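The values are calculated or read from the model by the stated rules, or taken from the named source; none is laboratory data. Predicted model only: the values in this text are computed from it and were never measured. As a convention, Cβ positions derive from the backbone with ideal geometry for all residues, glycine included, and neighbour counts pool all protein chains shown.
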Amino acid sequence: MSDWVHLQARSGELLMQLHHFSMVKQQSGGEVAFAITVKEFAVPPPGQRVRFYAEADKAVNQGTAPFVPCGWGSSIFSALGDCVRLIREFPYEEEPHEEKPHAETKDAAR
């Protein structure tokens, strides 16, 4: 355990160190880049027993039941591993862009 964890004075402070990762998911529609942040808490947050939480930057499974891949664990490896597993397991379905009607051009001679 690193020394920085001893700086937290109260559990409500939620002192944490951030670890950043990225991965590229290969799927039939092309490549999708995900950024994953793992939070390493000095002490487990209220209601948790583990110190590591990983979360991706975008949702997957948008066509059925969208959710943001995440994972809890007792190590970076386990939290990151759960998050990566969910990214691999569910498709990334980019939301279709709605085309907005063009505004009619106003007569400039007014």
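Here are a few things to note about the model shown:
- Matching residues, region 67-82, being in contact (Cβ under 8 Å) with a residue 12 or more places away in the chain and in a helix (DSSP H, G or I): 76, 78, 79, 80, 82
- Taking the criterion of being farther than 17 Å from residue 16 by Cβ and surrounded by 16 or more Cβ atoms within 10 Å (Cβ to Cβ), the residues of region 50-60 that qualify are 56, 60.
- Sole exception among (1) aliphatic (A, V, I, L, M); (2) surrounded by 13 or more Cβ atoms within 10 Å (Cβ to Cβ); (3) at pLDDT below 95 for residue 9, by number: (2)
- Within region 83-98, residues that are within 16 Å of residue 65 (Cα to Cα) have Cβ atoms under 9 Å from residues that are among the aromatic types (Phe, Trp, Tyr) and modelled with pLDDT of 90 or more in these pairs: 86/67; 87/34; 90/67; 92/34, counting only partners at least 6 apart in sequence or on another chain.
- For region 18-63, a tally of residues being over 14 Å from residue 86 (Cβ atoms) and either in a loop (DSSP other than H, G, I, E, B) or in contact with a Cys (Cβ under 7 Å, 6 or more places away or on another chain) (or both) returns 13.
Residues are listed down the side, and each one gets a yes or a no for (1) modelled with pLDDT of 95 or more; (2) of a type in the set (S, T, N, Q); (3) in contact with a Lys or Arg (Cβ under 8 Å, 6 or more places away or on another chain); (4) buried (at least 16 other Cβ atoms within 10 Å of the Cβ):
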{"position": "41", "(1), (2), (3), (4)": "yes, no, yes, yes"}
{"position": "48", "(1), (2), (3), (4)": "no, yes, no, no"}
{"position": "64", "(1), (2), (3), (4)": "no, yes, no, no"}
{"position": "83", "(1), (2), (3), (4)": "yes, no, no, yes"}
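- Flag if residue 64 is β-branched (Val, Ile, Thr), closer than 12 Å to residue 79 by Cβ and free of Cβ contacts under 8 Å to residues at least 24 places away in the same chain: no
- Every pair of residues 6+ apart whose Cβ atoms lie under 7 Å, when the first sits in region 1-18 and is over 13 Å from residue 44 (Cα atoms) while the second is among the hydroxyl-bearing types (Ser, Thr, Tyr): 18/37
- Identity of the residue in region 16-31, more than 18 Å from residue 52 (Cβ to Cβ) and either of a type in the set (D, E, K, R) or within 12 Å of the chain's Cα centre (by Cα) (or both), that ends up surrounded by the most Cβ atoms within 10 Å (Cβ to Cβ): 25
- Residue in region 94-106 that is under 30 Å from residue 19 (Cβ atoms) and either at pLDDT 80 or above or in a loop (DSSP other than H, G, I, E, B) (or both) present: yes
- Of the listed requirements (1) in contact with a helix residue (DSSP H, G or I) (Cβ under 9 Å, 6 or more places away or on another chain); (2) among the acidic types (Asp, Glu); (3) more than 25 Å from residue 69 (Cα to Cα), residue 40 misses just one: (3).
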